[in-house]
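Below you'll find the structure, written out as structure tokens, and then a few comments.
The values are calculated or read from the model by the stated rules, or taken from the named source; none is laboratory data. Because the structure is predicted, anything quoted here is derived from the model rather than measured. For neighbour counting, all protein chains shown are included, and Cβ atoms are generated from backbone atoms with ideal geometry for every residue, glycine included. Areas reflect the complete protein model, heavy atoms only, side chains present, ligands, DNA and RNA absent. Shrake-Rupley method; radii C 1.70, N 1.55, O 1.52, S 1.80 Å.
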Amino acid sequence: MAVREQLLDYLDQNLESYLIKWKAKIRIADTDVHRDKVEANGILMYRLVQKNIEQPICEEKIISLAHKVAIERAEANVNIGDFIYNVNAGRSVLMKHMTYSNVQVNDLQTILDSINELFDLFSYHAVTEYTKLKENELQEKISFIDETHQEKLSILGQMSSSFVHEFRNPLTAIMGFVKLLQKENPSLNYIDVIDHELQQLNFRIAQFLHVSKKEIDSGLEEWLEVNAIFESIIEFIYPSIVDIDVEIRNDFPEGISIFGQQDKLRQVFLNILMNSLDALKAEGFPRCIRIYGEELHGTIHIHITNNGPKIPIETLDRIFEPFYTTKELGTGIGLYVCQKIIQNHSGNISCQSDENETTFTVSLPFLDKSDM
């Protein structure tokens, strides 16, 4: 009897013995929804080996079985380690099983090598398919979470918009009457303080209105000198600067202009500076904020640095997310709105922080006025 025929005859007569030894080694969870198919798959693999001994089979047959098993293992949510362990258990039990066939080792070696190759191909295609299925499943979950999150943000935005509009109407009237009082009574005590606080409140309300919209409103774009923007903001927040006793150094070069919406960009820089002031409240002296930057390779980089406490890495990764805040009374919308505004200006905003300083960098495209 030829070696292959002898081996095939042995395998036909001893399938049950193989299954008993294999099932004794493999790991199958009680919660496995396809546990009843494990033995059947073992038999299919056993038969595939027999066909390969009889005549080398095409890779498509191996792929077909590998994908079938991978789908079942993915649906059963089986750990990939257990999956591979069971495949290799089948390999090792089968190899040992075949040594009892009375076929000489020298004659058996070539056949064993081909079976090893078969198992390697099966493992490769099964793990590849299993990994793809799990990645698709993960992406579906992420998409679902994102959609749910966006729906919640949309609802919250609509609620915020309605709620904030109710505040803005009387606030506008109050601000108007304060302006009249300033004009009629320029020496009236505390009127400047009241006006300043109303302006701050109006600024916060504007942030909520931005978040409630899908996109930041478009507006008139114009050439804006960066230094002039910062000078007006520093004048606006001067009471807070004095109150906290902070040194603000505006070292941004003269004459550099950007093209964009003045109100929106002013809001970005104001928000960053106010956040810097808040961060410095908890620090000792000296307290310092520095504004500097440059035009480099077609991009204007605007840096705002403070010597406040380090922002932890886990916070740094999330500070531009909507409604994420570490402040006790914070809203978590300021930096989110800033990011949207800068993105709408074809730029980006980032933050770096260590034990010595925290730096927000706004990068905007450098445009030549002659090309506009």
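Quick rundown of the values:
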{"item": "Residue within the range 26-44 that is more than 24 Å from Glu129 (Cβ to Cβ) and touching a residue at least 40 places away in the same chain (Cβ under 8 Å) present", "result": "no"}
{"item": "Every residue from the range 52-68 that is out of contact with any Leu (no Cβ under 8 Å at 6 or more places or on another chain) and modelled with pLDDT under 90", "result": "Gln55, Pro56, Cys58"}
{"item": "Residue within the range 250-266 that is more than 25 Å from Ile194 (Cβ to Cβ), free of Cβ contacts under 8 Å to residues at least 40 places away in the same chain, open to solvent by 30 Å² or more (accessible area, probe 1.4 Å) and out of contact with any Pro (no Cβ under 7 Å at 6 or more places or on another chain) present", "result": "yes"}
{"item": "Checklist (1) among the hydroxyl-bearing types (Ser, Thr, Tyr); (2) within 33 Å of the chain's Cα centre (by Cα); (3) at pLDDT 80 or above applied to Ser212, failing item", "result": "(3)"}
{"item": "Looking only at the range 34-56, and only at residues there that are surrounded by 15 or more Cβ atoms within 10 Å (Cβ to Cβ) and β-branched (Val, Ile, Thr), the one that is nearest to Thr110 (Cα to Cα)", "result": "Ile53"}
{"item": "Close pairs (7 angstrom Cβ cut-off, 6 or more residues apart or separate chains): under 24 Å from Ile300 (Cα atoms) and in contact (Cβ under 8 Å) with a residue 60 or more places away in the chain in the range 225-243, of a type in the set (A, V, I, L, M) and open to solvent by less than 40 Å² (accessible area, probe 1.4 Å) anywhere", "result": "Val226/Ile256; Val226/Ile258; Val226/Ile302; Phe230/Ile291"}
{"item": "Selected residue (criterion: surrounded by the most Cβ atoms within 10 Å (Cβ to Cβ)) from residues of the range 84-116 that are under 40 Å from the mean Cα position of the chain (by Cα) and free of Cβ contacts under 8 Å to residues at least 60 places away in the same chain", "result": "Val87"}
{"item": "Subset of the range 290-314 that is open to solvent by less than 20 Å² (accessible area, probe 1.4 Å) and not in a loop (DSSP other than H, G, I, E, B) - its residue that is nearest to Val246 (Cα to Cα)", "result": "Asn306"}
{"item": "Residue within the range 275-285 that is outside any loop (DSSP other than H, G, I, E, B) and either open to solvent by 60 Å² or more (accessible area, probe 1.4 Å) or β-branched (Val, Ile, Thr) (or both) present", "result": "no"}
{"item": "Filter pass, Thr31 being surrounded by fewer than 13 Cβ atoms within 10 Å (Cβ to Cβ), β-branched (Val, Ile, Thr) and over 29 Å from Gln6 (Cβ atoms)", "result": "yes"}
{"item": "When residues of the range 283-340 are limited to those that are closer than 23 Å to Phe259 by Cα and among the aromatic types (Phe, Trp, Tyr), the one modelled with the highest pLDDT", "result": "Tyr292"}
